[in-house]
Amino acid sequence: MIYPIVVYGDPVLRQKAVDIEPDEIDVRQLSEDMFETMKAAHGVGLAAPQIGKSIRMFVVDGRPLEDESTNDFVKVFINPEILEEDGEEWTFEEGCLSIPNIREDVSRPEKLRIRYFDVDWNEQEEEYDGVKARIIQHEYDHIEGVLFTDHLSPFKKRMLKGKLQNISKGKMKVDYRVAVPVKK
Ligand code: NI
C-alpha cells in the first residue's frame, strides 16, 4: 500500500514520536508499505511521521544514490536510539520528501552508533559513517520532530520561508501523492 506523504506544516512532523510495542503493530507489513511509498517517491529514506504515524520507525534504501557506499544499505530501524555521534562535522546536500523541491547543505557529525530493533524484533547495535550515517541522522530527526531546514542558518531560513509556506498550502509541483495539512 502506498501512503500519501505528509508535507511541511503538518503538526505530525513536529511531534516526538513514541516507541512501538511489539504486539501493537505489524512492523513487517508496515515496513513493506513504507518501502513501497518511498520507492514511488524516489526517496532514500522515509520515517513513519511522514506517513502520518507518530511512531519510532524509519526505512532506508541507499540504492537510488548510485554510490558504492550505499548500494547495500536497505534496512528497517524500529525504536532506534542514536547512542553517540562523533567525527568531523561535514556538509552534505539534503532533501526531504516532506519538503519537495528544496535542497540545502546541512552540516552533521561524520559517524554514529545506533541501537534499534529489526523487523523480527532482534536488537541490533551498529556503527555507520559517511552517507549511510547521514541518511540515518536525517530520518532519526524525523522521529524527534526535527526537519533538515531546522539546521540551517537564520538567514537561509528566512530565504526559504515563502517556499515552505507554499508547500504547507499545497502550492508546489510534485510527482508523488502528498497529504497537504488541513487548515483548521
Ligand atoms: Ni526527510
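A compact table of results
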quantity	calculated
Rg(Cα)/(2.2 N^0.38 Å) for the range 5-179, N = residue count	0.99
Beta bridges per DSSP with both ends in the chain, % antiparallel, nearest 5	90 percent
Amide H within-cut-off set for GLU94, under 5 Å, with H built and near neighbours excluded	GLU104, ASP105, VAL106
From phi via Karplus (6.51, -1.76, 1.60), per-residue ³J(HN,Hα) for the range 17-32 in Hz, x at Gly/Pro	6, 9, 4, 9, 7, x, 8, 7, 9, 7, 5, 5, 5, 4, 5, 4
Karplus-derived HN-Hα couplings along the range 130-146 (A = 6.51, B = -1.76, C = 1.60, θ = phi - 60°), whole Hz, x at Gly and Pro	x, 5, 4, 4, 4, 4, 4, 4, 5, 6, 4, 3, 4, 6, 9, x, 10
Contact order relative to length of the chain, as percent, for alpha carbon pairs under 8 angstrom and 6 or more apart	28 percent
Virtual spin-label span in nm between LEU65 and ARG115, 7 Å along Cα→Cβ	2.6 nm
Hydrodynamic radius by Kirkwood, which averages 1/r over all alpha carbon pairs of the range 1-90, in angstrom	14.2 Å
Proximal charge balance of PRO100 [Cβ under 14 Å; K/R count +1, D/E count -1]	+2
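Coordinate-derived values only; no laboratory data. None of the values given here were measured: they were computed from a predicted structure. Glycine gets a Cβ as well: all are built from the backbone with ideal geometry, and neighbour counts include every protein chain shown.
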